[in-house]
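Step one of this worksheet: look at the structure below.
The values are calculated or read from the model by the stated rules, or taken from the named source; none is laboratory data. Computed from a prediction, not measured in an experiment: that's the story for all the values here. Virtual Cβ from ideal backbone geometry, glycine too; neighbours counted across all protein chains shown.
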Amino acid sequence: MSAENSNAVKKKAGLKSIKDEMLAVIIPIVTVIVISLIVISYNVSRSMIQRLSEERLKASVSSQASKINSWVELNLATIASVKEAIESSDCSDEELQKVLNSYYGYNSDFPEGIYVASQNGTCLKALKSEKSFNDFKNSPWFKHGLTTVSISITDPYVNSEGTKIISASGLINEEGSDVRVIGADMSLDAVTIIVNSSISMEGAAAFLVDLNDLSILAHRDSSLLGTKLTDSSDPFLASVSKKLAERDYSLADLNGNMTYMKKVGSTGWLLVSYIPDNIIYHDARMLGNNMTVIGVIAVTIMGIIIARVVRFLVKPISGLTKNITDMTSGDFTISVKHKGNNEIAVMGESLDEFSGSMRDMIADIRQSADNLSRQSENSSKAANSMYEAAKIQDQSMEQLKETVNQLSESVNDIANNATVLARVVSDTREKGGDADEKMRATVSVSIKAKEEMEHVGVAMDKILHSMSSLRDAINKVGDASEEITNIVALIGDIADETNLLSLNASIEAARAGESGKGFAVVASEIGKLAATSADSVQTISTLIEEIHRLIGAAVAQAEESTKNVDESSASIKGAVDTFDEIYDNIQATNTLINDVLNKIEEVDGVATNVAAVSEEQAASSQEILATSENMVEQAINITENSQKVADDSVELAKTSESLAEHMSRFIIDRGEA
């Protein structure tokens with residue numbers, strides 16, 4: 001038996017251990033949880049960094065736009081103060097020249113100083129200034145200055161030296177016929193410095209755009225200065241151009257750059273600031289990489305800890321597995337060790353109790369198998385004796401069954417013939433009774449039909465009289481309609497006369513002039529009334545003609561109906577005579593049927609008695625036959641059951657031997673091993 005146990009253990013050695021299965025489930029779950037936490041943390045940190053970057057980018061753009069606007073406002077204020085001084089002092093050209101000389105080099109934002117030009121063609125500037133005033137009347141700064149009293153800047157333009165600049169100019173408000181404009185050329189270098197250096201975010205960049213023509217005023221790449229966004233082949237600048245064309249200055253991600261736009265005061269400029277996404281999310285990627293490394297280390301450490309914990313928990317199960325394997329091989333002499341009060345300890349205790357119960361049960365089964373073997377031998381002998389006796393009884397009952405069956409067939413033939421005769425006589429008597437009842441009903445119906453036909457004749461006479469009255473009434477209606485036609489014709493003539501009189505009255509009223517206007521209105525209304533009456537007369541005439549047609553049709557129908565009623569009345573009188581002859585024939589037929597019924601009653605009594613006696617004999621023979629058949633079936637059943645008992649006894653003996661053999665495989669005593 002120990003060799004069988006070792007073979008069973010070897011067969012099951014290929015199974016996976018519960019420890020490996022638990023680790024195969026727990027470690028992937030822990031890994032998924034850690035990965036989920038890393039992904040969530042990365043997304044949260046990325047979202048926070050994006051939100052902070054958006055806020056910082058907006059703050060940076062607002063700061064730059066404020067600085068550019070302050071620079072513009074400061075320079076405009078400087079030039080405006082000079083303009084106010086000229087307007088308030090009424091100084092001569094010499095004094096004005098001194099003022100202009102003093103402002104040369106005063107401010108690096110307009111290095112050529114301030115200049116004044118008049119519409120008569122004269123122009124004053126600082127003596128050291130090299131600015132050219134050829135055809136200044138067509139220059140942007142002069143045209144702009146003529147349109148505004150306050151100092152304001154022009155749109156960017158290219159001066160005679162080919163440099164893109166802006167000018168601040170305005171109209172000098174003074175008495176006299178000469179119109180003068182004060183102005184100063186302002187370099188965009190300061191704006192470029194502000195745009196490129198005043199960025200609070202590391203890695204961010206900005207450029208300034210003129211909204212009038214979408215040209216670039218300031219950019220860290222000097223080759224792009226003066227170019228238009230619409231002409232640029234750069235994907236980012238093209239996406240900015242498309243967004244500006246839609247007048248959308250909101251924060252957006254353009255071509256992999258977080259981009260924000262803001263107008264610069266009232267200058268007509270737009271500051272575009274942007275920062276690449278890879279710079280924004282650099283820290284987030286670093287955080288994701290670090291968290292990935294930490295996650296791998298954490299999963300590794302947790303895997304080691306979980307493996308040790310599972311091994312400690314699964315160790316008692318290994319002992320239970322060995323015990324269960326031994327029991328599977330048939331060894332119930334084992335003693336299961338169980339410690340603690342957890343589920344595994346309860347399982348070990350229950351397995352120990354199960355082993356003891358199985359030892360007792362197998363011992364009882366062995367004893368029962370021995371007893372069963374002895375009893376099966378005795379049952380087999382008794383079954384063989386019963387089978388032989390049953391076979392002899394079966395043969396005797398078969399002979400008795402054949403004799404009773406022949407007797408039953410003879411009696412049944414007699415009973416069947418008598419029953420058929422009684423049934424035929426009974427059916428004939430019933431049909432004769434039905435014929436008698438129907439003849440009586442026919443007589444009653446013929447009497448009633450005769451009376452009804454007489455009533456129909458009287459009714460037809462009344463209908464004939466009513467039809468005559470109806471024809472007279474219709475003729476009277478026709479006469480009345482003729483009179484109505486004459487009256488309507490008279491009304492039509494009156495309407496025509498009235499219409500003619502109305503026309504004459506209208507003519508007379510027209511001749512009377514003003515005094516006849518009222519009479520003309522009355523004449524007009526009378527004419528309308530006469531026309532309406534004429535129309536009504538025409539309608540009534542049409543209706544009366546239709547009535548004449550209908551009356552003619554009704555008269556023809558009434559005459560046709562009277563003719564049909566006359567013919568029907570004659571037919572009904574002939575039908576009454578025919579019904580009298582039918583009634584006499586039915587009375588004679590009824591008498592003959594009563595005589596036939598009396599004869600059938602006598603034959604029916606005799607046939608009924610014969611059928612009753614035959615049926616009693618047939619019933620008795622059927623009972624005898626049924627009893628014999630039942631006895632034959634019982635004999636056959638006894639024979640079959642005896643054979644089954646004998647066969648079962650043999651099978652029982654084999655089963656007891658097999659049971660004893662199986663029970664011998666179980667070990668319930670150490671001495672058996």
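Kindly list, by first and then second residue, each pair from a residue in region 175-196 that is under 13 Å from ARG220 (Cα atoms) to a residue that is of a type in the set (Asp, Glu) and surrounded by 14 or more Cβ atoms within 10 Å (Cβ to Cβ), limited to pairs with Cβ atoms under 8 Å and residues at least 6 apart or on different chains.
Taking only residues 6 or more apart or on different chains, the pairs are ALA190/ASP109.
Applying the selection to region 18-51, what residues are among the hydrophobic types (A, V, I, L, M, F, W, C) and touching a residue at least 12 places away in the same chain (Cβ under 8 Å)?
Going through region 18-51, the residues among the hydrophobic types (A, V, I, L, M, F, W, C) turn out to be 18, 22-27, 29-30, 32-35, 37-40, 44, 48-49.
ILE18, MET22, LEU23, ILE26, ILE27, VAL30, VAL34, ILE35, LEU37, ILE38, ILE49 - these are the residues of region 18-51 that are among the hydrophobic types (A, V, I, L, M, F, W, C) and touching a residue at least 12 places away in the same chain (Cβ under 8 Å).
When the residues of region 510-525 are filtered to those that are aliphatic (A, V, I, L, M) and at pLDDT 70 or above, which remaining residue is nearest to ILE494 (Cα to Cα)?
Step one: filter region 510-525 for residues aliphatic (A, V, I, L, M), giving 510, 512, 520-523.
Cutting the leftovers down to at pLDDT 70 or above gives us 510, 512, 521.
Values: ALA510: 24, ALA512: 26, VAL521: 21 Å.
Looking at the filtered set, the residue picked out is VAL521.
Among the residues of region 263-298, count how many are at pLDDT 85 or above, buried (at least 19 other Cβ atoms within 10 Å of the Cβ) and within 47 Å of the chain's Cα centre (by Cα).
Summing the residues that are at pLDDT 85 or above, buried (at least 19 other Cβ atoms within 10 Å of the Cβ) and within 47 Å of the chain's Cα centre (by Cα) in region 263-298 gives 2.
What residue, among those in region 248-262 that are of a type in the set (D, E, K, R) and under 41 Å from the mean Cα position of the chain (by Cα), is surrounded by the most Cβ atoms within 10 Å (Cβ to Cβ)?
The residue in question is ASP253.
Looking only at region 103-155, how many residues end up being aromatic (Phe, Trp, Tyr) and in a strand (DSSP E or B)?
Going through region 103-155, the residues aromatic (Phe, Trp, Tyr) turn out to be 103-104, 106, 110, 115, 133, 136, 141-142.
Narrowing further to those that are in a strand (DSSP E or B): 115.
Residues flagged as aromatic (Phe, Trp, Tyr) and in a strand (DSSP E or B) within region 103-155 amount to 1.
Which one of these is of a type in the set (Gly, Ala, Ser), out of contact with any Phe, Trp or Tyr (no Cβ under 8 Å at 6 or more places or on another chain) and either within 19 Å of THR154 (Cα to Cα) or crowded, with 19+ Cβ neighbours inside 10 Å (or both): SER63, SER89, SER132?
That would be SER132, the only listed residue that is of a type in the set (Gly, Ala, Ser), out of contact with any Phe, Trp or Tyr (no Cβ under 8 Å at 6 or more places or on another chain) and either within 19 Å of THR154 (Cα to Cα) or crowded, with 19+ Cβ neighbours inside 10 Å (or both).
In region 156-174, what count of residues is obtained for those that are polar (S, T, N, Q) and either modelled with pLDDT of 90 or more or assigned to a strand (DSSP E or B) (or both)? Talk me through it step by step, then tell me what you get.
Of all residues in region 156-174, those polar (S, T, N, Q) come to 159-160, 163, 167, 169, 173.
Filter once more, so that each one left must be either modelled with pLDDT of 90 or more or assigned to a strand (DSSP E or B) (or both): 167, 169.
Looking only at that region, the number is 2.
So the check is Cβ under 7 Å with 6+ separation or different chains; which pairs have a first residue in region 52-63 that's more than 13 Å from VAL272 (Cα to Cα) and a second one that's in a helix (DSSP H, G or I)?
Matching pairs, first to second residue: SER53/ILE280.
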